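Just so it is clear, none of the values below were taken in a lab; they were calculated from the coordinates. No experiment lies behind these values; they were computed from the predicted model shown. Note that each Cβ is placed from the backbone with ideal geometry, even for glycine, and that neighbours are counted across all protein chains shown.
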Amino acid sequence: MLLERLRYLGFRLNAALLHWLRRRFTPAGRLALCGLAAAAIWGVDTTKSMAYQSFTLFLALILVSLAVSRVRPRRLSARRRLPRFATAGEPLSYVVTIENLEARPRRGLTLIEDLEDPRPTFEEFHAEKNPADASPLMKDPRPFWLDRLAGYTRWRRLIARKATRAPELPVPDLPPRGRVEVTVRLEPARRGRLSLPAVVLARPDPLGLAKACVREPLPQSILVLPKRYPVPRLSLPGARRYHQGGVALSSSVGESQEFMGLRDYRAGDAPRRIHWRSWAKAGKPVVKEYEDEYFTRHALALDTFIKPGQEALFEEAISVAASFACSALTQESLLDLLFVGADSYCFTAGRGVGGTDRLLEALAGARACHDRPFSDLHASVAGRGASLSGIVCVLVGYDATRRAFVSHLRGLGLPVRVFVVTAEPDSVPADDGVYRLEAGRVAEGLARITA
Amino acid sequence: MNAPPGLLAAALLFWGQQNGMLVLAAPCAVLLESWRLTGRRFELSRSDFSRVSDFSAVIFFFMGAYLYFAKPANEAFMTLSAWLPLAFVPLLASQLYSAEGKVDVRALFVFMRNQPAKPAWTADLSYPYLLLCLLAAGAANNRTPTFFPGMAMLVGWSLWGARPAGGSRPAWGALLALSCGLGYVGQDRLARLQTEVEKRATGLIFGDGGARIDPEEAVMALGHIGKLKQSERIALRVTPAPGRDAPRLLRTASYNAYRGRRWLAWDAPFSPVAEDASTWRLGPRAADAAEVTVSLSLEHGSGPLPLPRGASAVRGFAAGSVAYSRLGTVKVEQGPGLAVFHAEASPAAAFDGPPTGRDVEVPPGDAAMLARIGRELGLSSRRPKTALASVKNYFDEGFRYSLFRDGPDPGPKALEEFLLKTRAGHCEYFATAAVLLLRGAGIPARFASGYSVQEYSRLERAWIARDRHAHAWALAFVDGAWVELDATPSSWAAAENARAPWWEALRDAASWAGHRLSLWRLGKPAGGGANLWLIALAALVALAGWKRLSGLTGVRSRVAATTHAPPPGPGRDSPWYAVERRLAGEGFARHSWEGWSFWLERISALPGSEVSEKALRPLLDLHCRRRFDPAGLPASERDALDSGVGNWLQEREKRQARSS
């Protein structure tokens, strides 16, 4: 464990150093630093090599550049115009407007988005050591043996999973007291909220080795929706079910719209349904009665119960769920998204109750559940069984508990489609209505499904 | 971005000049620059770059293997460093002659070659190669005053090509000059600093400094303040003949004159010793002579040999010359980096020259003090052998061994302070005092330095002497022969061994492995054998190169030179561009997607721009006609455009001067 901690610390410091080098030095400056390091090795004995003269020259150049770059570009302001959503793995473009508050032109500036620190925690790094179910396709195709031995492959994989690349963009020449726009293109690596705390405006020193940076705090964020795959439209052979209160009540709020008539009050009727005028006329409580509704209602159950190291599988499962949520015909039916996080959640979309974007937002914020049992999801879905026409389950394994869950749903007479995202597809038994999706090949697996 | 024209050639020529390899550097420079003239480029795929990269690696390993067999390890490393640009010429040439002008980094490393092609990861090797040339030129260690200016010029040239857009040229020049000045002063200070550090703590930092012995002069550490430190490095290994004991002392040099805390070898020139089948005989073989095998590193293949008393011959190694002084010092020139030699010696014999007047000289400043102590010990009245025992006894009983001393530097009074005040010191104090006391008593004596052999290494199965076992003792001429007198109290060995650090075993293991490797290398045939190795390696490199490069199927087609200059056309020389450049310089640059007309409208509306669209619009119309009208622009209107732009520029200049 001590070695593991030292390794983590080493990678962490190395990442910080590389970040600082990229932030403070131009490519020419970084090359000069390489020259400095090489000259330090070659020139360690001044009597055996003249490389020590290269060392002092590079050192002087870098020190002078760093000293000059202490003078930072001032009196600049920046403003972002962000879209509402982005999608993981898809390019995101937005515009940053930079304004020159001085009466002299500015040239040679660059813009860098200052994103959040992507370095994993020690717990994440350690859990990645032996991922419970990692598909070979999700690993490096052919990692360098030394990287693998040192654990650097693991570190790189975690960074790639979290980090969003923010390129350094040239800013057009800024006229005196003028403004220019820079189009920033990012590719969010993962779903969730992408924080954009600040932008950094940099200017190289006259020698072109070091950069003077000024950080403009500009705290904003954007919701990154889960990655989605093209999926076939599933036809679940379920019948329409009676829904007390109709569509509006199905969404937990409001009244049904179809008024049918009045009847005498029965114990248990909601006080808000009392028709006060008729009570005044009749002298006894009378309530309004609405037409009962029958319609199709499907559930999309997402398995959030993963073991440590299965985060990649979980992300794939989220993407599969998001893909089905998008493909559902919500004009004609209701779709309940059910999953368990800190609590049991149910989000409903369709027939005007809510749009697909609501489900995607919920999925963007979904977190893995480590402290509750799978039976919570089981209970949540089974409790709604009476009103459901069919269920789509997205699972991250197919152990006995999950098989019992599926059997129980089928026992309720519900048509069930099960999608199991797994690193070992052969371990999932071929069953009617169970689709195996191999992690890293999910798109191919979904494309093979014929409704 | 490729390097500016001529820069790479200049760097290569600079490297060639420093290495004395201009003959090789010149054609390489021509190769790296001629693509600009021929205009030919080739379509090279990633696998083609991989092949060229492998070829460069083969050249590199060939050079490394050759140097490994041809030169001592430390020289081989520096020479390999100095030759590096040669190995990578093919790789850089393939980049420069490729249509893309860059190299896919994944093609360079075997472990990255199976990675997907996207996203692209290309790099321009021009500047890294330039850096390599500069460092390799430094590794050549051609200590000429042109090195720093040449390097600074090349660095300045490359920085000029990569300077940021819109940067101030005077500021650039001033900062570069400042950096060069600081660098120049710094390199001078750095060299001095190393000299100073070596002087103060050579053994600690560089390890081998403690073993550097000048057979003609020994600077004593008498009066040195603080703690004397010597490294744990194994300096030499001694294997006695079976059944014989290892010699307790191995003498490296003897000195006969003491001047101001220095022992000097005066009137003792070296005379070459005749070689007979790798044997150098110093004197006749004694009947009881035995052989002892000694191995040690010789810096640059030269230096004095540590020999046991009574050494009559050395043999078993190759050397340009072996010389012998009458003080008994034997030195080697042009020998191997690792000398493993057999010394034939008899403890009873000694072939040092007879004593002279210098061997009884006592420094006048210390003469009275030495005479007083001599009288106290009664040295003059005793027989020489007894006098030696008295001196030994005197130091054993009343003195202690110490590597530390504090207080101010006593200067010339160091010996007096040692004998009368502190009565503690290291071996040089004891040896010097013993020599001078004996001389004071009329017994010829000399100062000897070398190693005390006192540690047996089970790992090495040999006796070893570390740098901290470097020792000094006295030689006294008694009964017609030189005998050794080690006046240092015997506790010194225990005191030195107590300083052994905890990692000594690890260091010894590494030293043993290195020694075995060096012995294995020495076991290979030298001379003609090395040439055979060279021929074999050359054949291998040619074969490997042919195998790799014969698959260069990626050179599919030649394409026309892709010059970065815009295609020729009418109006490219229009003066309008001067207007555009001028306004861009003031911060009103035209965007790449912006037409001239929209640009004029935009900047004329900007506050503070003071650009009149009305004034420039007629000039723009003329320029557009000159640029795009197939009929061209009549001469009169050309003149109008030229003069209009000229007037506008002048007006602009005046306006700016007024406002500033």
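For the pair the range B:626-649 and the range A:332-390, the centres of their Cα atoms are 73 angstrom apart.
Taking other Cβ atoms within 10 Å as a rough exposure proxy, B:331, B:654, B:413 sort from fewest to most as B:654, B:413, B:331.
When only alpha carbons are used to place a centre, the range A:424-451 and the range B:475-517 end up 75 Å from one another. Full extension of the segment from residue B:43 to residue B:540, taken as 0.36 nm per residue of separation minus the current Cα-Cα distance, would add 176.1 nm. Placing dummy labels 7 Å off each Cα toward the beta-carbon, the span from residue A:18 to residue B:505 is 3.9 nm.
Between residue A:274 and residue A:412, the FRET efficiency estimated from the beta carbon spacing at R0 = 30 angstrom works out to 0.25.
Here's the list of aspartates and glutamates a cross-link from residue A:211 could span, going by alpha-carbon distance under 18 Å and ignoring same-chain residues fewer than 8 apart: A:113, A:114, A:168, A:173.
If R0 is 56 Å, what FRET efficiency do you get for residue B:174 and residue A:357 from their C-beta distance, rounded to 0.05? Taking R0 as 56 Å, the efficiency between residue B:174 and residue A:357 is 0.45. Helix A:311-327 and the longest principal axis of the Cα set of chain A meet at an angle near 50°.
Note on the range B:22-89: with charges restricted to the Cβ of Lys and Arg (+1) and Asp and Glu (-1), its dipole about the Cα centre is near 160 debye. Taking other C-beta atoms within 10 Å as the exposure proxy, A:121, B:79 rank A:121, B:79 from fewest upward. Per residue of B:187-195, other chain Cβ atoms within 10 Å of the residue Cβ number 4 on average.
When you filter the trypsin sites (Lys or Arg not before Pro) in the range A:62-103 for DSSP loop state and at most 16 other Cβ atoms inside 10 Å of their Cβ, you are left with A:70, A:74, A:75, A:84. Treating each Cα of the range B:367-502 as one equal point scatterer and applying the Debye formula with no solvent, the log10 of I(q)/I(0) at q = 0.15, 0.16 Å⁻¹ comes out as -0.75, -0.84. Rounding to the nearest 10 and keeping the result within 0 to 90°, find how far the Cα-based axis of helix A:152-162 lies from the longest principal axis of chain A. Computed tilt is about 60 degrees. Selection among A:111, A:283, B:310 by position relative to the dipole of the protein assembly as shown gives A:283 as farthest towards the positive end (Cβ unit charges, Cα centre). Given the DSSP H assignment, sum -39500 (n - 2.57) over each helix run of at least 4 residues in the protein assembly as shown and divide by its residue total; what's the result at 222 nm in deg cm²/dmol, nearest 500? Theoretical 222 nm ellipticity from helices: -13000 deg cm²/dmol. Stokes-Einstein diffusion for the protein assembly as shown at 10 °C, viscosity 1.306 mPa s, with a Kirkwood radius from C-alpha pairs, works out to 41 µm²/s.
Can you tell me what share of the DSSP beta bridges in chain A is antiparallel? A percent to the nearest 5 is fine. For chain A, the DSSP antiparallel bridge percentage is about 70. Relative to the longest principal axis of the Cα atoms of chain A, the long axis of helix A:400-411 makes an angle of roughly 30 degrees. Residue order for B:385, A:307, fewest other beta carbons within 10 angstrom first, comes to B:385, A:307.
Distance between the pseudo-spin-label points of residue A:371 and residue B:638 (7 Å out from Cα toward the beta carbon): 8.4 nm. Span-like helix criteria (full DSSP H runs; alpha carbon extent of at least 15 Å along the helix axis; mean Kyte-Doolittle hydropathy of at least 1.6) are satisfied in chain B by B:22-33. Please tell me which of these pairs span more than 25 angstrom C-alpha to C-alpha: A:48/B:331; A:129/A:307; A:48/B:102; A:227/A:307; B:392/B:421? Over 25 Å apart, Cα to Cα: A:48/B:102. Relative to the current alpha-carbon distance between residue A:262 and residue A:386, full extension at 0.36 nm per residue lengthens the span by 41.9 nm. Mean partner shielding of peptide B:176-185, defined as the number of other chain Cβ atoms within 10 Å of each residue Cβ, is 5.
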